[in-house]
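Just below is one structure, and these are the notes that go with it.
The values are calculated or read from the model by the stated rules, or taken from the named source; none is laboratory data. Since this is a predicted model, take the numbers as computed values, not measurements. Note that each Cβ is placed from the backbone with ideal geometry, even for glycine, and that neighbours are counted across all protein chains shown. In case anyone asks, the SASA skips ligands and DNA or RNA and just uses the protein heavy atoms, side chains included. Shrake-Rupley method; radii C 1.70, N 1.55, O 1.52, S 1.80 Å.
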Amino acid sequence: MTQTPSLKTLQTKIGGMDCGNCAKTVEAGLQNLPGLTDINVVFATESLRLNYDPEQVTEKAIFDRIKNLGYTIEQPTAGVSSKEDCCSGEHHHHQHSTVQKTQKPDPTNWKFWIRNRRGQSVILAGIGLILGLLTQNLALAIWISRAFYGIGIIIAGYPIARAGLMELRLRRADMNLLMTISVIGAVALGDWFEAALVVFLFSLGTTLQTFTFSRTRHAIASLMDITPQTATVKRDNNREVTLRVEEIQVGEILTIRPGQRVALDGVVVSGNSAIDQSPITGESIPEDKETGDRVFAGTLNQTGFLEVQVTHTANDTTVAKIVHLVESAQSSRAPTQQWVDKFAEIYTPIVIVSAIALTVIGPLIFGQPFSIWCYRALVMLVIACPCALVISTPVSIVSAIGAATSQGVLFKGGNGLENAGKIKSLAFDKTGTLTEGKPVVQKVYDLGELSASTVLLIAASLEQKSEHPLAKAIITKAKQEEIELETPENFTAYPGKGIAAKFGNNRYFVGNRRLFAGENIELSKSAVSLLDDIEKLGQTPVLVGSRIGLLGVIALADGLRLEAAEAVHLLKQMGLNNLVMLTGDRTFVAQQIAQQLNLSEYKAELLPFDKLQAIQQLRNLGSAGMVGDGINDAPALAAADISFAVGGIDIALETADVVLVGSDLRKLAYAVDLSRRTVAVIQQNVIFSLVTKALFLLLGTFGFVGLAVAVLADTGTSLIVTANGMRLFRSK
């Protein structure tokens, strides 16, 4: 629905959700409030987002409804990426105070159980259970043991019952409702020990499950929480002042000392240093930065002092975009999750009807007491809740997206994450994707008069103040060769042709053929032949000479990415052999690049529309992916089943399903492999959940398992699928 100007957006965190059904409960509970639209509750990230009309409903009314449903509101401090531990009090009243950061939940620490409301209720329920069992075995009056059991049931069961009754009012059934019915039924049948044990095991299981899931959430939150809250800027006659990042404007100068994190995106205007960019790009090797280079918020300055001109405000930095992208990706439903959700909606009512039928029909057919079949129906209800099934997909998606983000690979949603591993063919754009997109010196030719290093020295010395891409490439090559540059004099610039200057006793010329023709410097037949050969290779020749003639030639071309050949090799190792290069460049150039990369197929001299058609042809062979730099590849990227963009975060975020932030093409193989493993883990979780559920439903129906085992089976399955999904977070 299109948001009208009168609507406001509300975003908050919700505590106390045990599984995906809880998120649906909150959504259903908010549906019948007036003035709410686009309600989206995501269990995986504990987040709520909705639009509301302030004339029809207040934020307080929304929060009150959520609290009445049995959950808590967790509001982060404005501008601070913090949140309360998700387990801090299921179904208890929310304190309307600013939430501060807490320690990572650790169920192995006994103090955490004592300080935490969930932990306290589990401990008290356990004490009630033990004392009840003890007094029962000591053959004391029955009311004493039942009193202890009852205390345990009330303490741990109250929040469960409250949430269950709210579900009933919403005409829905979740684990809380099914558990409440089962406990009341067990008490009615006189089995107080079983009722107390069920409540204790359910509380213990859901607490452990929430702890387990919150570790994944915490890992992702800490991954994102890397940007400093304050920064030092130059103001008022170059005086350094420390300000909150929200107060700093584009164009201001940050000062960044060794060991400090960069607070905002910007461009280096003074100094040089090595910067650890691993939080953004996933690359472990620090990158050297000097004047004119981009730096990103959240990266760590290591060695030198830098002055950086701010290019993006706090809400617009690359890391802010990544955080937003990851949160959106985690909340998006993958195809498997959509199927699971639909299945759960049909499955739960069927089981409830079956349990009622079992209670009525069982005694009639088998002639056994009503209490036996009523108990079996209660067991069926406990086993029935599809918690493990509903949680099986989102925990895997969240873990995989978190792992990928730490490696500099951004999936824009669960859909892309599932589809990346299914591709049968992959098309690459050439310029800016397989190649650097900027000129690199390929070879320096000498013509016998001077050595190749002297030819390079002359060219680099003349070009050292030029901003032209060819000039920069020549200077970079001279630096790599550790050549000491001269300081020429009497410069003359020839726009569109080249440059001339004097050092030593000679005047030298560096430029193209037109410069030499204009200065009447003759080129020998062998020199002309050499220039023709260089141009046939798709390279650009830069001529170096003096009045006596041509002294040497520097051949430049768009350089291959260093990792491109290895990336192609890794993809082929994974069985992805149908790799195609698409380029608008000349056929001969494409052929050279394809040979260097060991690519068997390429298509050259293509217009953007031709690339689009090429992708459509590849799709006839199965799912097709496209890799581009997101600038001139938008039509082809859009046409592919899944698109990968390298570099250029701003444009890439708009066009591609997957973004390789650090432009390392080897991460393509990682993305495809992670996708395949994620799909495999999801399938394992779904099959395990369904098989376990079917097995215990069968055993419960015929009386082979009791309520306690049913609770253990349900909670245990949920814990196992959660732990299995979390394995993906450790993917390297």
- Task: Mind pulling the angle between the C-alpha long axis of helix 608-619 and the longest principal axis of the chain? Nearest 10 degrees, somewhere in 0 to 90.
- Result: 50
- Item | Lys, Arg +1 and Asp, Glu -1 on Cβ, resulting dipole of the chain about Cα centre, debye, nearest 20 | 1720
- Have a look at the DSSP beta bridges in the chain and tell me what percent are antiparallel, nearest 5. 80
- Dimensionless Rg over Rh [segment 478-529; C-alpha; Kirkwood]: 1.03
- Coil-residue trypsin sites (Lys or Arg not before Pro) of segment 544-609, DSSP, other Cβ within 10 Å capped at 12: R547
- Summed residue charge, Cβ within 13 Å of K8's Cβ, Lys/Arg positive, Asp/Glu negative: -3
- Can you send over the carbon and sulfur percentage of the accessible area for the chain, probe radius 1.4 Å, protein chains only? 56
- Message: Based on alpha-carbon atoms only, what is the radius of gyration of segment 549-604 relative to the globular estimate 2.2 N^0.38 Å?
- Response: 1.42
- Message: Please report the net charge: other residues with Cβ closer than 12 Å to the Cβ of L582, K and R +1, D and E -1.
- Response: -3
- Would you be so kind as to identify which of G662, G16, L697 lies farthest towards the positive end of the dipole of the chain, taking Lys and Arg as +1 and Asp and Glu as -1 on Cβ and the Cα centre as origin? L697
- Could you tell me the accessible area of K8 in Å² (1.4 Å probe, neighbours in place), rounded to the nearest ten? 110
- Query: Could you give the angle, 0 to 90 degrees to the nearest 10, between helix 142-169's Cα long axis and the longest principal axis of the Cα atoms of the chain?
  - Reply: 50
- Listed residues P34, T678, F148: farthest to the positive end of the dipole of the chain (Cβ charges): F148
- Note on the structure: Taking Cα atoms, the helix 667-701 axis meets the longest principal axis of the chain at an angle in degrees (rounded to 10) of 10
- Which whole-number percent gives the relative contact order of segment 492-620, counting Cα pairs below 8 Å spaced six or more residues apart? 16
- the chain: longest segment with zero exposed chymotrypsin sites (Phe, Trp or Tyr not before Pro), where exposed means DSSP loop plus at most 15 other C-beta atoms within 10 Å, is residues 306-701
- Taking Cα pairs closer than 8 Å and at least 6 residues apart, the relative contact order of segment 337-443 in percent is 21
- Task: About the Cα centre of segment 472-621, how large is the charge dipole given +1 on each Lys and Arg Cβ and -1 on each Asp and Glu Cβ? Please answer in debye to the nearest 20.
- Result: 300
- Task: Write down the Å³ per residue value for the convex hull defined by the alpha carbon atoms of segment 584-730.
- Result: 159
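Just reorder K497, K693, K13 by solvent-accessible area, largest first, 1.4 Å probe, all chains present.
Numbers: K497 80, K693 20, K13 50 Å².
Heavy-atom accessible area, descending, gives K497, K13, K693.
Can you show me the helix-derived [θ] at 222 nm for the chain, built from DSSP H runs with n ≥ 4 at -39,500 (n - 2.57) apiece and divided by the number of residues, rounded to the nearest 500. Please report the intermediate quantities before stating the final value.
On the way: 24 runs with 358 residues, N = 732.
Per the formula, -16000 deg cm²/dmol.
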- Mean Cβ neighbour count within 10 Å, used as a protection proxy, ranking 131-139, 709-717, 269-277 highest first: 709-717, 269-277, 131-139
- Item | Over the chain, relative contact order from alpha-carbon pairs under 8 Å, at least 6 apart, % | 12
- Message: Per residue, how much accessible surface does the chain expose to a 1.4 Å probe? Answer in Å², no decimals.
- Response: 45
- Message: Can you tally the net charge around L133? Count Lys and Arg as +1, Asp and Glu as -1, for every other residue whose Cβ sits under 14 Å from the Cβ of L133.
- Response: -1
- Message: I need two numbers for the chain: Rg to one decimal and Dmax as a whole number, Cα atoms only, in Å.
- Response: 33.4, 119
- Accessible area of T9, 1.4 Å probe, to the nearest 10 Å²? 60
- Message: Could you compute how much accessible surface E240 exposes when probed at 1.4 Å, giving the result in Å² to the nearest 10?
- Response: 70
- Message: So if I place +1 on the C-beta of Lys and Arg and -1 on the C-beta of Asp and Glu, and nothing else carries charge, what would the dipole magnitude of segment 295-436 be about its Cα centre? I want it in debye, nearest 20.
- Response: 480
- Message: Charges on Cβ only, +1 for Lys and Arg, -1 for Asp and Glu, centred on the Cα centroid of the chain; of A320, L728, L457, which one is farthest towards the dipole's positive end?
- Response: L728
- Protein-only accessible surface order, largest first, of T25, T303 at 1.4 Å: T303, T25
